[in-house]
Amino acid sequence: MNAPGPREGARFCMACGTALQWLTREEDGGPKARLRCTACGWTHWNNPTPVLAAVVECTDQGGQVLLARNAAWPGRMFALITGFMEAGETAEEGIAREVLEETALVAHSTALIGVYDFQRMNQVILAYHVQATGQVRLSPELAEYRLYAPQALRCWQAGTGLALADWLRRRGIEPRFIDAPAARPE
């Protein structure tokens, strides 16, 4: 049986190494197709990955917002600072660490903006407003950055772009949206 799924990931059983197959079983009152091992019964749940994102407000730069371009992205799209949580840290600690690692800016406050579904990458985004100070020095992961007055920001219609739009609305600024290329990374 072939069943589509976002970013399926695993192809072999983590318990015994057998190739996984799409199998349907009753779960929570209904049939559910998942990648499963026919030898030992192990199931690949394919749960979404939590991703942290930051609207970085540079308080020593007049409250401008830092957007950066990932070195691996084609084109000249700029986006929020993002990264993955590490074991043993809170989301707030994780986003402060990511901002420091990727920009050398020190976070002085973090406030949750919201949680956003990003199914294309099988992710759940936890977006924060981070007030930070310091001199920007980008990690090799980022190619360049720009600082924007909040009123000049333009949002995109997915993932972190929706978080940016919510942050702007809370500041009394009606967000403006751009048409993003279909294959643009988040």
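The values are calculated or read from the model by the stated rules, or taken from the named source; none is laboratory data. The shown structure was predicted, so the numbers you read here are calculated from the model rather than taken from an experiment. Glycine also receives a Cβ, built like all others from the backbone with ideal geometry; neighbour counts cover every protein chain displayed.
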Within the range 106-124, work out how many residues are under 22 Å from R146 (Cβ atoms) and within 14 Å of the chain's Cα centre (by Cα).
1
Checking P185 against (1) over 29 Å from A10 (Cβ atoms); (2) surrounded by 13 or more Cβ atoms within 10 Å (Cβ to Cβ); (3) modelled with pLDDT under 95, only one condition comes out false. Which one?
(1)
So, in the range 125-184, exactly how many residues are of a type in the set (V, I, T) and more than 17 Å from the chain's Cα centre (by Cα)?
4
In the range 140-155, the residues that are over 20 Å from H108 (Cβ atoms), in contact (Cβ under 8 Å) with a residue 12 or more places away in the chain and either of a type in the set (S, T, N, Q) or not in a loop (DSSP other than H, G, I, E, B) (or both)
L142, A143, E144, R146, Q151, R154, C155
Could you check, for the range 156-164, whether at least one of its residues is of a type outside the set (G, A, S) and assigned to a loop (DSSP other than H, G, I, E, B)?
yes
The condition from (1) more than 25 Å from the chain's Cα centre (by Cα); (2) within 28 Å of Y116 (Cα to Cα); (3) modelled with pLDDT under 90; (4) not aromatic (F, W, Y) that N2 misses is numbered (2)
Residues of the range 44-60 satisfying the condition of being crowded, with 18+ Cβ neighbours inside 10 Å and not charged (D, E, K, R):
H44, V51, L52, A53, A54, V55, V56, C58
When the range 57-86 is examined, which residues are found to be among the hydrophobic types (A, V, I, L, M, F, W, C) and over 15 Å from G161 (Cβ atoms)?
C58, L66, A71, A72, F84, M85
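Tell me yes or no: at least one residue of the range 18-30 is assigned to a loop (DSSP other than H, G, I, E, B), modelled with pLDDT of 95 or more and not assigned by TED's automatic domain parsing to the domain that holds T110. Write out each step before concluding.
In the first step, residues of the range 18-30 are kept if they are assigned to a loop (DSSP other than H, G, I, E, B); the result is 18, 28-29.
Those still in the list that are modelled with pLDDT of 95 or more too: 18.
If we keep only those that are not assigned by TED's automatic domain parsing to the domain that holds T110 as well, we get 18.
Checking the range 18-30: at least one residue is assigned to a loop (DSSP other than H, G, I, E, B), modelled with pLDDT of 95 or more and not assigned by TED's automatic domain parsing to the domain that holds T110.
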Please indicate, with yes or no, whether at least one residue in the range 57-64 is under 30 Å from G94 (Cα atoms), at pLDDT 95 or above and in contact with a Cys (Cβ under 6 Å, 6 or more places away or on another chain).
yes
Would you be able to say whether some residue in the range 93-105 is in a strand (DSSP E or B), within 20 Å of the chain's Cα centre (by Cα), touching a residue at least 12 places away in the same chain (Cβ under 8 Å) and assigned by TED's automatic domain parsing to the domain that holds P150?
no
